[in-house]
1. Tell me the residue from K66, K107 that is surrounded by fewer than 21 Cβ atoms within 10 Å (Cβ to Cβ) and over 19 Å from the mean Cα position of the chain (by Cα), please.
2. Hey, could you check region 325-339 for residues that are more than 10 Å from the ligand (Cβ to nearest atom) and surrounded by 23 or more Cβ atoms within 10 Å (Cβ to Cβ) and say which is nearest to E381 (Cα to Cα)?
3. How many of the residues making up region 385-410 are among the hydroxyl-bearing types (S, T, Y) and either within 12 Å of the ligand (Cβ to nearest atom) or part of a loop (DSSP other than H, G, I, E, B) (or both)?
4. Which condition number in (1) more than 30 Å from M7 (Cβ to Cβ); (2) surrounded by fewer than 20 Cβ atoms within 10 Å (Cβ to Cβ); (3) touching a residue at least 60 places away in the same chain (Cβ under 8 Å); (4) touching a Pro at 6+ places or on another chain (Cβ under 9 Å) is the one that M206 fails?
5. Which residue, of V368, V423, V413, is at pLDDT 90 or above and within 16 Å of the ligand (Cβ to nearest atom)?
6. Quick check on region 382-400. Is at least one of its residues within 17 Å of S285 (Cα to Cα), of a type outside the set (G, A, S), in contact (Cβ under 8 Å) with a residue 24 or more places away in the chain and touching a helix residue (DSSP H, G or I) at 6+ places or on another chain (Cβ under 8 Å)?
7. Does region 49-57 contain at least one residue that is of a type outside the set (G, A, S), at negative phi and surrounded by fewer than 14 Cβ atoms within 10 Å (Cβ to Cβ)?
8. Give me the pairs, please: first residue somewhere in region 142-157 and more than 15 Å from T320 (Cβ to Cβ), second residue anywhere and assigned to a helix (DSSP H, G or I), beta-carbon distance under 8 Å, and either six or more positions apart or on two chains.
Amino acid sequence: MKNKKGMALHWRILLGMLAGFVAGFVLLQFDHGKEWTYDWIAPWGKIFVNLLKLIAIPLILASLVKGVSDLKDIAKFKTIGLRTIGLYILTTVLAISIGLITVNVLKPGVGVSKETVDKLEQTYAGNQKIAHKINVAKQQKKQPKLQFLVDIVPDNIFKAMSNNSNMLQVIFFAIFLGITLILIPEHKAAPLKDVFDSLNEAILKMVDLIMLTAPYAVFALITNVIVGTAGDWDLLSSLLRYAFAVVLGLSIMLVVYMLMVKLFTGKNPFWFMKQLAPAQLLAFSSSSSAATLPVTMERVEEHIGVDQEISSFVLPVGATVNMDGTSLYQAVAAVFILQVLWPEGLSFSNQLTIILTALLASIGAAAVPGAGMIMLVIVLEALGFPSEKLPIALALIFAIDRPLDMMRTVINVTGDATVSTIVANSVGKLHTPKPKEWDDNL
Ligand code: ASP
């Protein structure tokens, strides 16, 4: 859809991003550029991300209750559920395997000199953020193996809804309520269904309204990223081969999605990517698939044509458990770290362990910036990586984590959208898209 100037939303967002890059570099030339960005530019990006997070929980609740209660029979829900989980596991294992192949062929860690490692260690090993990530990972490891199931079932729905990281708990409640609405007499279910239907419609409109500001907001987000990573650049160059391995792997994964879309739905993959582009650009700018979720849902439903019965379940679940980009990154990062710091750990069986642990770690990772790095600690520990070397290991990849996080988040979001489209098509729920009367522009 075009606006008055004839420019589609994704181009406007892209322009905002480019302007953000330029502004970031220009501001760095000034003495107080950093503070100025912090005071006057960064808050706009934060407001935008907050707005998206603000509507995520009500959107999940409303659209999932409506989606599930609209299903005519519960057996269908089982089919959808099984296909979704199956495809999520398949794409994640594929992503990890691609990561492993890329890193083993390119061997980015082999050329890293002792001086570089020392320099990275001096700069980052004492870093508070790294110590924090290791601590969080250790806490997670102490819990019972079935803790993830306990965590899905909330003891208080209002408490669950008050914290965005409890998305799975809200999903659980919404499915439970949706199924119950099918089981009670229709006339009793109708009023509540109408409430959720109306709430869902209103929130999808909120997404449109918020997205009108996206080009300006990504400007603020990107300017802040550029200004924030300044100073790390001299060290970044020594990590370029590692970064290249991650980016190459992620690009291959993107091609895999395009092939899957073509093969399983018959849709033109370029058309698919174009419809999804605003969500991908937002994932890139915010590094958070959770914050991007409302936009992903809007794009997939209104612009790709996935029925809400499918998207309302597949996408929120995917945002929390399906992170192909993150798992691919974990595979590359883990092997890179072994190549540099612990070459004796590079056995074939350890690489198999990486497939399993990276799969579980990506399910457990939160959909927020930097979460992948925390879960990497768990992957490394599962390999028997010496724990005293953990701070150095994270120091090695810390400097370049943010740009890679931005890119892997794009893949996380694209993976969810791809699976939802394929599942929808497989149960006859992929329709001709019907964007609302005004949507990407006023
Ligand atoms: N930032 C990623 C996401 O939100 C998670 C990660 O890989 O750190 O999807």
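1. The match here is K107.
2. Here the residue is A334.
3. Going through region 385-410 one residue at a time, the tally reaches 1.
4. Against the list (1) more than 30 Å from M7 (Cβ to Cβ); (2) surrounded by fewer than 20 Cβ atoms within 10 Å (Cβ to Cβ); (3) touching a residue at least 60 places away in the same chain (Cβ under 8 Å); (4) touching a Pro at 6+ places or on another chain (Cβ under 9 Å), M206 comes up short only on (1).
5. Exactly one of V368, V423, V413 is at pLDDT 90 or above and within 16 Å of the ligand (Cβ to nearest atom), namely V413.
6. yes
7. yes
8. Partner pairs satisfying both residue conditions: P144/V150; I157/Q169; I157/V170; I157/F173.
The values are calculated or read from the model by the stated rules, or taken from the named source; none is laboratory data. Remember, predicted model here, so these are calculated numbers, not experimental data. No Cβ is skipped: glycine too gets one built from the backbone with ideal geometry, and neighbour counts run over all protein chains shown.
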